[in-house]
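Take a look at the structure below.
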Amino acid sequence: MASSSNIVSAAALFLAIMAAAVHGQGTRVGFYSTTCPRVETIVRSAVQSRFNSDSTVAAGLLRMHFHDCFVQGCDGSVLISGAGTERTAIPNLSLNGFTVIDDAKTQLEAACPGVVSCADILALAARDAVVLANGPTWAVPTGRRDGRISVAQEGGHTLGTASCATFNNRLFNYQGTGGPDPSIAADFLPTLRSFCPQNNNGAARVAMDTGSQNRFDTSYFTNIRNGRGVLESDQRLWSDNRTGNFVRRYLGLSGLLGLTFNVEFGRAMVRMGNVGVRTGTNGEIRRVCSAVN
């Protein structure tokens, strides 16, 4: 059950956040159609190669794209390495997939030197990772340029995965009661306690989508319906009427007009991928994704 990231709990979070996201300007589908026509094939091959040996990279690349976009916008700043960069922020220490981006960049520099941004590689890789995890596909607008600023303190504001320390109170002393959160399903509580014992150091990480953490499906919503949400905020998505109806629609329950999760997710990813983008002459095209030119 322990996992460094989770693909559908992150997906659910995207959908909630993207209602307020603002479209970027200047990106378009097919931006590299003449300057680097094999860009999507090359990125897809790099993702596939790593996925074949490590399926957890799918969730890792999706999470990395999210962490990139919500600090300085979708500019590849999370990819820059070195002291004091976003990569050194605590929530980013467990990010997975940097070597995939580096591999794709190396191949693209050989095929189309100085053309494809690292930010675009990451956006394409996140889409390809979702597809490999049995999720939907969508057309990715490209044309982003890379940012030159990467600051650890800003990276510290991005969301990490569920460590025991973030929800231990739910298991043993919910709201000072000395007992567990009653919204946790009785058959799920022993499982959580086995991974997060009462006197543990809180550092262990737990998958937020039980039994399906490396697949793209709607089991996350089924889990919170059944009282198996790991975080209290997850579980409240079901109990709060403001969000519960959306969960029911994604599950096709209660005779409500259904929302197709895959379609909505693809739309949300396009919107997220346009947050704070740099285009035109703003930013640069890095030759190496881990360092500014």
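The values are calculated or read from the model by the stated rules, or taken from the named source; none is laboratory data. These numbers come from a predicted model, not from an experiment. All Cβ positions, glycine included, derive from the backbone under ideal geometry; neighbour counts span all protein chains shown. In case anyone asks, the SASA skips ligands and DNA or RNA and just uses the protein heavy atoms, side chains included. Shrake-Rupley method; radii C 1.70, N 1.55, O 1.52, S 1.80 Å.
Looking at the stretch 102-142, which of the residues that are in contact with a strand residue (DSSP E or B) (Cβ under 6 Å, 6 or more places away or on another chain) and not charged (D, E, K, R) is surrounded by the most Cβ atoms within 10 Å (Cβ to Cβ)?
119
Every residue in the stretch 143-180 that is crowded, with 20+ Cβ neighbours inside 10 Å, modelled with pLDDT of 95 or more and in a loop (DSSP other than H, G, I, E, B), please.
143, 144, 147
Could you tell me whether residue 41 is in a loop (DSSP other than H, G, I, E, B), surrounded by fewer than 24 Cβ atoms within 10 Å (Cβ to Cβ) and either among the aromatic types (Phe, Trp, Tyr) or at pLDDT 95 or above (or both)?
The answer is no for residue 41.
Is there any pair with a first residue in the stretch 158-187 that is among the aromatic types (Phe, Trp, Tyr) and a second that is assigned to a helix (DSSP H, G or I) whose Cβ atoms are under 9 Å apart and which are 6 or more apart or on different chains, and what are they?
From residues that are among the aromatic types (Phe, Trp, Tyr), the pairs are 167/192; 167/232; 172/193; 174/232.
With respect to residue 83, determine if the residue is without any contact (Cβ under 8 Å) to a residue 40 or more places away in the chain and over 18 Å from residue 145 (Cα atoms).
The answer is yes for residue 83.
Being of a type in the set (Lys, Arg) and at pLDDT 95 or above is the filter here, so list the residues in the stretch 80-125 that pass it.
105 - this is the single residue of the stretch 80-125 that is of a type in the set (Lys, Arg) and at pLDDT 95 or above.
State whether one or more residues within the stretch 66-83 are assigned to a helix (DSSP H, G or I), surrounded by fewer than 22 Cβ atoms within 10 Å (Cβ to Cβ) and of a type in the set (Gly, Ala, Ser).
No - not one qualifying residue is present in the stretch 66-83.
Go through the stretch 215-227 residue by residue and tally those that are buried (at least 20 other Cβ atoms within 10 Å of the Cβ) and assigned to a loop (DSSP other than H, G, I, E, B).
1
Within the stretch 184-202, can you find the residues that are over 11 Å from residue 168 (Cα atoms) and open to solvent by 50 Å² or more (accessible area, probe 1.4 Å)?
Listed by number, the residues that qualify are 186, 187, 190, 194.
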